[in-house]
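Written out below as structure tokens is the structure these notes cover.
The values are calculated or read from the model by the stated rules, or taken from the named source; none is laboratory data. As the structure is a computational prediction, the values presented were derived from the model and not from experiment. Note that each Cβ is placed from the backbone with ideal geometry, even for glycine, and that neighbours are counted across all protein chains shown.
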Amino acid sequence: MTPDDPEETQPLLRPADRSAPRSRRGFLAAFAAALGPLSFGFALGYSSPAIPSLRRAAAPAPRLDDEAASWFGAIVTLGAAAGGVLGGWLLDHAGRKLSLLLCTVPFVVGFAIITGAQDVSMLLGGRLLTGLACGVASLVAPVYISEIAYPAVRGLLGSCVQLMVVIGILMAYLAGWVLEWRWLAVLGCVPPSLMLLLMCCMPETPRFLLTQHKRQEAMAALQFLWGSEQGWEEPPAGAEHQGFQLALLRHPGIYKPLLIGVSLMAFQQLSGVNAVMFYAETIFEKAKFKDSSLASVTVGVIQVLFTAVAALIMDRAGRRLLLTLSGAVMVFSASAFGTYFKLTQDSPGNSSHVDLLAPGSAQPVDPSVGLAWLAVGSMCLFIAGFAVGWGPIPWLLMSEIFPLHVKGVATGVCVLTNWLMAFLVTKEFGSLMEVLRPYGAFWLASAFCIFSVLFTLFCVPETKGKTLEQITAHFEGR
């Protein structure tokens, strides 16, 4: 094709066009990809109703003791950490679409193994496989959605990743009321199977196709998704995949977004969100809620509602404002949570996290209903604050800030950081509570939330309304 060819001189991806696209199939493609995070959320939420069901299972079904139950919940994070590494490699070498298709396999196989489990090892093996799929889906789905999205709606569509995660968690909680663990695992096969069917009909992202020098396919993908080629910029020359090299870390366009992405993932886990979730049932019982399952469902509903609010306002309010607001709410609510424990757990014998976490355990100091409602209020406020900002935005920013030629490795590092931090915080939180007492542990989480707000104000750029190429240019100083 000669330089004078009109098709060659006409840019495929132009500066952002705020007008509405002529086609809506892009939203369908985003929904198809978001079924991966839905499956991911269901896998995370599965352990909550499944563990009690497995504890009371009658022979010959496998039964979980305390140690096995602990691993049944935690092994998902280890599988997801491995999935983050695998997903980063798949992203660059197999492409975004094929990576999403491939992650449906361990989801379905993992839940199928759990369904037919005859012993604990099969249960753990199935959970490990679903965790691997969670790691791949949590990495690839945000990247796929950000690369097919119109800049004007990228925040909305990107936030739907976290929204689908919490919907999946809530779906597992609700289904757990009526289904025992085997049938709950069967239900877990449905979202990834639907995702497999829908994604087969969706195109690869235009940006990845351009890095593979498939210009015609990229143009066809844009026409299919939005009915127009307007709304994007063409990736700069040299954006094709070249393999990651350590020498690249000298460039500000690489190390700056990598430091921001890793820090966001670390702060997300250091906020104490997992600890607050662990206390949900105990706190609701102290507030005279008799049905312990109501705690999980209430938490799930709060997450869904406020994540939906974040998705609706993301492209108007911007990422930085929501992160700052979210962090400030979490500082206040984590401090209040710590104050609750300070007021109700004064003697050294009350510092045991085991006693606090055990549903229905007798506490030496029985707090008044007023103090119990202080705990419920601060817990709900914390979850709402997390859902508005620090829940969805780190995943959204991770998909936006990296240049194309390092996106696979860089997002893999971010996802690996997130899941390893989740495992370490979950595993070591008990020891931390023994040393600092419960109130000290939550006040420490509040301090980390303060640092997260400062980090947002001084280090995180605003990406609202910018094309992915403009964001890369910002880090490179162009």
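The table for this structure:
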quantity	calculated
From Ser39, Ser70, residue being under 27 Å from Leu225 (Cβ atoms) and of a type in the set (S, T, N, Q)	Ser39
Candidate set: segment 155-167, residues that are closer than 19 Å to Thr463 by Cβ and out of contact with any Lys or Arg (no Cβ under 9 Å at 6 or more places or on another chain); chosen: the one surrounded by the fewest Cβ atoms within 10 Å (Cβ to Cβ)	Leu156
Among the candidates Gly176, Gly79, Gly125, residue that is without any contact (Cβ under 8 Å) to a residue 60 or more places away in the chain and within 16 Å of Gly41 (Cβ to Cβ)	Gly79
Candidates Leu210, Leu132, Leu170, Leu184 - the one that is touching a residue at least 40 places away in the same chain (Cβ under 8 Å) and crowded, with 24+ Cβ neighbours inside 10 Å	Leu132
Meets criteria (under 26 Å from Glu147 (Cβ atoms), outside the structural domain of Ser138 (by TED's automatic domain parsing), over 14 Å from the mean Cα position of the chain (by Cα) and part of a helix (DSSP H, G or I)) for Ala387	no
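This table checks each residue for (1) at pLDDT 90 or above; (2) basic (Lys, Arg).
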{"position": "Gln269", "(1), (2)": "yes, no"}
{"position": "Asn274", "(1), (2)": "no, no"}
{"position": "Lys286", "(1), (2)": "no, yes"}
{"position": "Val309", "(1), (2)": "yes, no"}
{"position": "Gly318", "(1), (2)": "no, no"}
{"position": "Val329", "(1), (2)": "yes, no"}
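One line per residue, one yes/no per condition, for (1) assigned to a helix (DSSP H, G or I); (2) at pLDDT 85 or above; (3) within 26 Å of Val109 (Cβ to Cβ):
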{"position": "Met1", "(1), (2), (3)": "no, no, no"}
{"position": "Glu8", "(1), (2), (3)": "yes, no, no"}
{"position": "Leu13", "(1), (2), (3)": "no, no, no"}
{"position": "Ala33", "(1), (2), (3)": "yes, yes, yes"}
{"position": "Pro37", "(1), (2), (3)": "yes, yes, yes"}
{"position": "Arg63", "(1), (2), (3)": "no, no, yes"}
{"position": "Ala69", "(1), (2), (3)": "yes, no, yes"}
